[in-house]
Amino acid sequence: MTGRPSPDTLPARPRFNWRDFFRRAGWLGSFGIVGLSVVTLVAVLAPWITPFDPQLRVAGAYLPPSAGHWFGTDEIGRDLFSRVILGVQNTWLPALAVIASSLVIGSLVGLISGLLGGKVDLVIERIVDLFLVLPGTLIALAVVASLGPGLVNTMMALAVVWWMWYARISRDEIRRLKARPHVEAARIAGVRGSRLLLRYLLPGVVPALLIGASLDVANVTMTLSLMSFLGLGLPAPAPELGAMTSRTLDSLTVHWWLPILPAAIIFLLCLLANLAGDGIRAALRGA
Amino acid sequence: MTESVLAVQDLSVILSREGRPSRVLDGISFDMFPGEIIALVGESGSGKTSIGLTLQGLLPREFQARVGGSIRLAGIELVGARRHTWQSARRHLVRAISQDPMGALNPTMTIRRQMRESDRRSGGSIEDWLSRTGLPDPDRIADALPHRLSGGQRQRVLIAMAMMARPKLLIADEPTTALDVTMQAQILHLLRHLAHEQQTAILFITHDLSVAASLADRVLVLYAGRIVEMGRMQDVVRTPAHPYSAGLLAARFDLDSDRRRPLPTLPSERTPSINVASACSYATRCPIARPDCTAIRPPLKPASAHGGAVACLHHEQTRFLSAQRADAEPWPAQTIQETAALRLSNVGKAYPTGPQSFWGRRQPQPVLRSITLSIKLGECVALVGESGAGKTTLLRIAAGLVVPESGTVARFDKLPPQVVFQDPVAALTPWLTIGEQIGERLRAVSLDSDYGRRRVGEAMKLVGLDPVLMDALPAEMSVGQCQRAVLARAVIVPPRLLLCDEPISAMDVSLAATTLNLLSDLRRRLDMAMLFVTHDLAAARIIADRVAVLKDGALVEIADPDAIIAAPQSAYTQSLIAAMPSLQPGGGR
């Protein structure tokens with residue numbers, strides 16, 4: 001009887017493993033996750049990697065896409081490719097910020113609601129319901145209209161109408177976990193208060209929140225672009241993908257690249273975000 | 001001899017989990033004849049459910065099953081068959097009933113519509129089939145939705161649905177595990193009757209040898225994906241030829257088992273890491289293993305003990321096994337003090353049920369009526385009753401998890417009682433290590449300190465768990481190890497009262513006997529009082545000093561276990577005892 005491990009030897013601990021993660025995410029999901037990471041990197045590094053200064057005239061106006069200027073030039077001869085890269089920064093980073101703040105606000109509200117239960121839960125959930133039935137985009141538009149246009153105001157307005165889903169998710173997860181035998185067993189073992197929350201409840205809530213957030217990124221990006229399209233984002237000279245599309249829409253038939261290429265990048269961003277969301281969901285559910 | 005309905009030849013199945021292929025079935029060969037009932041017996045993970053699924057062509061697709069060998073059902077070769085061959089086989093030839101009848105019924109369709117869906121060509125009327133399975137008022141049942149029916153009724157509906165198609169083969173995968181004993185006896189009787197009347201062959205998958213013995217004509221004993229013994233049911237029960245079958249038989253307990261000493265159990269747990277190509281997969285647990293057992297894989301050969309076949313090189317030694325068993329040391333005498341560890345007086349509890357109306361409150365439905373029960377220090381009381389009797393509610397009141405509406409609960413100890421739940425895997429938090437969870441009750445001590453780790457290690461040794469597993473996650477351990485971890489958490493600071501909620505109901509025989517032994521040992525060593533909730537009268541008798549029988553929320557009887565079994569006072573207890581399956585043919589006592 002040689003070479004047989006005894007039944008109680010500990011198998012190698014499955015620490016977090018990227019290869020497993022990507023295998024469970026599937027090739028489309030992995031493509032989305034990698035693509036989105038690249039986009040984030042581009043967004044952060046945008047000022048340093050643009051081939052031309054996006055604010056200056058570098059060539060003749062209305063040049064179609066060519067080898068020198070991949071996306072062509074705009075009405076005053078600025079390089080459109082450089083402007084789109086900066087536009088990715090102006091669209092993508094605010095979207096992440098909106099998601100992050102909604103995540104924090106929403107999960108806090110949800111945790112309180114789910115943990116305390118009873119009357120508090122009832123009241124909080126009705127408030128959440130109230131926010132959910134209001135037309136979010138319209139409210140955000142109204143908020144921006146009253147605060148005045150600008151990127152920070154737009155982000156705040158969006159966060160105001162965006163946190164409810166995270167409150168719902170975290171509340172439901174907490175309530176589901178609270179009824180599970182392992183949480184009850186921990187309680188019988190004498191675990192209370194913040195220790196119960198931090199060690200036994202929160203780790204179970206995080207995957208659901210992450211999945212929700214990753215599937216939500218595309219929505220936020222769309223809405224942000226929509227608001228810029230309507231003129232409520234960054235003021236005119238700053239490149240933002242939605243605003244670039246809207247400002248040049250009337251030249252669609254003459255200079256097609258001006259509205260189409262920024263819009264195509266929005267489309268690509270949202271596609272990547274959805275693929276990545278699906279991938280993350282598959283990977284975390286499988287874990 | 002009649003033509004066989006099912007001929008399985010050298011069937012092997014390889015499933016891939018996460019890209020790693022593993023052989024779950026290997027060299028399975030057997031025949032089934034019309035009207036014959038074959039029991040497929042084995043512990044969890046032995047591959048018995050995989051056989052059932054393979055015969056229906058329903059192995060989960062994500063496992064990329066590779067099936068080899070041959071399955072001939074009513075003369076049709078099914079291995080490698082096209083999709084529509086399988087579909088027509090599933091419609092007309094092979095039907096299945098499962099452990100979870102609710103999951104097998106569509107919650108949005110009436111029973112009548114589902115039965116019509118299941119068999120469009122048959123002439124037999126639905127009501128006729130429902131009443132054949134012993135369902136009263138078939139008209140009402142046919143028009144009901146599944147959630148309106150009880151568990152036993154649903155299982156009967158599934159049987160009616162399966163038999164209506166007049167299949168050649170019925171696969172019954174643990175169909176009675178979720179049911180009460182009285183209901184189980186009726187379902188078994190029904191299956192036997194239908195097999196005889198319809199000449200349907202039944203493959204009955206179970207881990208419970210006594211259930212198998214009361215029903216089947218022949219038995220296949222499965223271990224690690226291979227048939228280790230096959231033969232006539234009564235032969236195998238009387239003179240098992242494989243040491244594993246002998247161990248399974250010795251580990252089962254019934255109303256006649258010796259309760260003064262530990263139950264015999266199978267040695268340790270199954271180890272998956274054996275080179276099965278050139279070794280007997282049971283060798284690592286086998287009490288009579290010799291060196292050649294790990295060098296040669298034993299083929300299935302005619303047994304000397306009976307007319308069947310056995311895969312063991314030394315099967316003529318097996319009969320000496322049972323003789324060695326009886327001399328385990330008896331339990332030390334237990335001192336029961338007069339002080340009560342738990343005293344419930346006139347405890348009552350009702351839950352609101354029925355639809356919620358906007359204006360009024362819902363009608364409360366009493367679950368417990370005026371329960372008076374006390375457990376003395378050092379005493380073990382078993383609470384027996386069928387599902388819905390209020391057993392779990394009583395346990396939760398004793399634990400302080402539920403507040404009773406009336407009556408008082410008094411505990412001797414300031415320390416809250418500890419609870420062992422039914423499902424040990426669900427009672428452990430998946431993302432925390434075993435050591436962290438066991439050490440949770442030593443709140444003052446950090447687990448990082450040497451003292452903390454030593455205390456956890458001692459608790460793990462106490463329950464028979466290797467302290468190496470301290471840093472393991474629950475998912476890396478077997479069910480038996482999880483059960484021990486749950487117990488270690490409960491006893492690291494020994495409570496005066498331990499509450500067990502059906503701790504063995506989901507376990508196979510060997511693991512159940514091991515757990516009963518462990519609980520008996522711990523309560524004596526740590527001087528704990530114990531409330532043991534179960535639906536299994538045999539288990540209650542073995543572990544408890546007194547047995548309390550609960551029926552519809554009221555205690556109908558409480559006495560010494562052997563007194564209750566010898567002379568049951570209430571009609572309900574009598575029916576519980578009568579429904580106990582036994583190894584004798586025909587079942588019942």
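The values are calculated or read from the model by the stated rules, or taken from the named source; none is laboratory data. Only a predicted model underlies this, so the values are computations on that prediction, with no experimental measurement involved. No Cβ is skipped: glycine too gets one built from the backbone with ideal geometry, and neighbour counts run over all protein chains shown.
Any residue in the range B:418-429 that is surrounded by fewer than 23 Cβ atoms within 10 Å (Cβ to Cβ) and among the hydroxyl-bearing types (Ser, Thr, Tyr)?
Scanning the range B:418-429, I find no residue that is surrounded by fewer than 23 Cβ atoms within 10 Å (Cβ to Cβ) and among the hydroxyl-bearing types (Ser, Thr, Tyr), so the answer is no.
Conditions (1) β-branched (Val, Ile, Thr); (2) over 24 Å from A:Gly150 (Cα atoms); (3) modelled with pLDDT under 85, marked per residue:
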position	(1), (2), (3)
A:Val44	yes, no, no
A:Pro47	no, no, no
A:Leu56	no, no, yes
A:Ala61	no, yes, yes
A:Ser66	no, yes, no
A:Glu75	no, no, yes
A:Ser82	no, no, no
A:Leu86	no, no, no
A:Asn90	no, no, no
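Name, by its number, the condition in (1) surrounded by fewer than 21 Cβ atoms within 10 Å (Cβ to Cβ); (2) under 17 Å from A:Gly87 (Cβ atoms) that does not hold for A:Asp250.
Result: A:Asp250 fails condition (2) only.
Could you check, for the range B:460-469, whether at least one of its residues is more than 20 Å from B:Leu519 (Cβ to Cβ), more than 9 Å from chain A (Cβ to nearest Cβ), assigned to a helix (DSSP H, G or I) and in contact with a Ser or Thr (Cβ under 8 Å, 6 or more places away or on another chain)?
no
Which is more than 11 Å from chain A (Cβ to nearest Cβ) and free of Cβ contacts under 8 Å to residues at least 40 places away in the same chain, of B:Ser505, B:Ser449?
Exactly one of B:Ser505, B:Ser449 is more than 11 Å from chain A (Cβ to nearest Cβ) and free of Cβ contacts under 8 Å to residues at least 40 places away in the same chain, namely B:Ser449.
List the residue pairs whose Cβ atoms are under 7 Å apart, where the first residue sits in the range A:250-263 and is of a type in the set (Gly, Ala, Ser), the second is part of a helix (DSSP H, G or I), and the two are 6 or more positions apart or on different chains.
A:Ser251/A:Leu258; A:Ala263/A:Thr245
With in contact (Cβ under 8 Å) with a residue 40 or more places away in the chain, among the aliphatic types (A, V, I, L, M) and more than 11 Å from chain A (Cβ to nearest Cβ) as the only criterion, which of B:Val491, B:Val456, B:Val486 stands out?
That would be B:Val491, the only listed residue that is in contact (Cβ under 8 Å) with a residue 40 or more places away in the chain, among the aliphatic types (A, V, I, L, M) and more than 11 Å from chain A (Cβ to nearest Cβ).
Quick one: in the range B:288-319, of everything that is of a type in the set (Val, Ile, Thr) and farther than 17 Å from B:Val221 by Cβ, which residue is modelled with the lowest pLDDT?
The extreme case among them is B:Thr294.
Filter the range B:409-433 down to the residues that are more than 7 Å from chain A (Cβ to nearest Cβ) and under 25 Å from the mean Cα position of the chain (by Cα), then identify the one that is farthest from B:Met528 (Cα to Cα).
Of everything passing the filter in the range B:409-433, B:Pro430 is farthest from B:Met528 (Cα to Cα).
Under 6 Å between Cβ atoms, at least 6 apart or on separate chains: pull out the pairs that start in the range A:203-218 with a residue that is more than 14 Å from chain B (Cβ to nearest Cβ) and end on any residue that is surrounded by fewer than 21 Cβ atoms within 10 Å (Cβ to Cβ) and among the basic types (Lys, Arg).
Short answer, once both residue conditions are applied: A:Ile211/A:Arg281.
Go through the residues of the range B:375-395 one by one and say whether even a single one is surrounded by fewer than 21 Cβ atoms within 10 Å (Cβ to Cβ) and part of a strand (DSSP E or B).
Yes, because at least one residue in the range B:375-395 is surrounded by fewer than 21 Cβ atoms within 10 Å (Cβ to Cβ) and part of a strand (DSSP E or B).
Taking B:Met115 as the residue in question, decide whether it is within 26 Å of B:Val211 (Cβ to Cβ), in the same structural domain as B:Phe33 (by TED's automatic domain parsing), at pLDDT 85 or above and out of contact with any Phe, Trp or Tyr (no Cβ under 7 Å at 6 or more places or on another chain).
So B:Met115 fails the test.
Name the residue, out of A:Pro239, A:Pro203, A:Pro259, that is surrounded by fewer than 19 Cβ atoms within 10 Å (Cβ to Cβ) and either touching a Leu at 6+ places or on another chain (Cβ under 8 Å) or among the acidic types (Asp, Glu) (or both).
After ruling out the rest, the residue left standing is A:Pro259.
Filter the range B:231-247 for residues that are assigned to a helix (DSSP H, G or I) and touching an Asp or Glu at 6+ places or on another chain (Cβ under 8 Å) and give the result. It would help to see each step written out before you state the result.
We begin by selecting, within the range B:231-247, every residue assigned to a helix (DSSP H, G or I); these are B:233-238, B:243-247.
Selection gives B:Met233, B:Val236, B:Tyr244, B:Ser245.
More than 17 Å from the chain's Cα centre (by Cα), free of Cβ contacts under 8 Å to residues at least 12 places away in the same chain, part of a helix (DSSP H, G or I) and farther than 30 Å from B:Cys500 by Cβ: does that describe A:Asp172?
Judged against the criteria, A:Asp172 is not a match.
Rundown of residues vs (1) in contact (Cβ under 8 Å) with a residue 12 or more places away in the chain; (2) loosely packed, with under 15 Cβ neighbours inside 10 Å; (3) among the β-branched types (Val, Ile, Thr); (4) part of a loop (DSSP other than H, G, I, E, B), yes/no style:
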{"site": "B:Ser281", "(1), (2), (3), (4)": "yes, no, no, yes"}
{"site": "B:Ile288", "(1), (2), (3), (4)": "yes, no, yes, yes"}
{"site": "B:Asp292", "(1), (2), (3), (4)": "yes, yes, no, no"}
{"site": "B:Ile296", "(1), (2), (3), (4)": "yes, yes, yes, yes"}
{"site": "B:Leu313", "(1), (2), (3), (4)": "yes, no, no, yes"}
{"site": "B:Pro330", "(1), (2), (3), (4)": "yes, yes, no, yes"}
{"site": "B:Leu344", "(1), (2), (3), (4)": "yes, no, no, no"}
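Check off (1) more than 24 Å from A:Asn219 (Cβ to Cβ); (2) surrounded by 15 or more Cβ atoms within 10 Å (Cβ to Cβ); (3) among the polar types (S, T, N, Q) for A:Asn90 and give me the number that stays unchecked.
Unmet condition: (1).
Return the only residue of A:Arg192, A:Arg180 being more than 23 Å from A:Leu103 (Cβ to Cβ), surrounded by fewer than 20 Cβ atoms within 10 Å (Cβ to Cβ) and facing another protein chain (nearest Cβ under 8 Å).
Exactly one residue qualifies, and that residue is A:Arg180.
Considering only the range B:472-482, state which residues are within 12 Å of B:Gly435 (Cβ to Cβ) and at the interface with chain A (Cβ under 7 Å from one of its Cβ atoms).
B:Ala472
Applying the selection to the range A:223-236, what residues are buried (at least 20 other Cβ atoms within 10 Å of the Cβ) and assigned to a helix (DSSP H, G or I)?
A:Thr223, A:Leu224, A:Ser225, A:Met227, A:Ser228, A:Phe229
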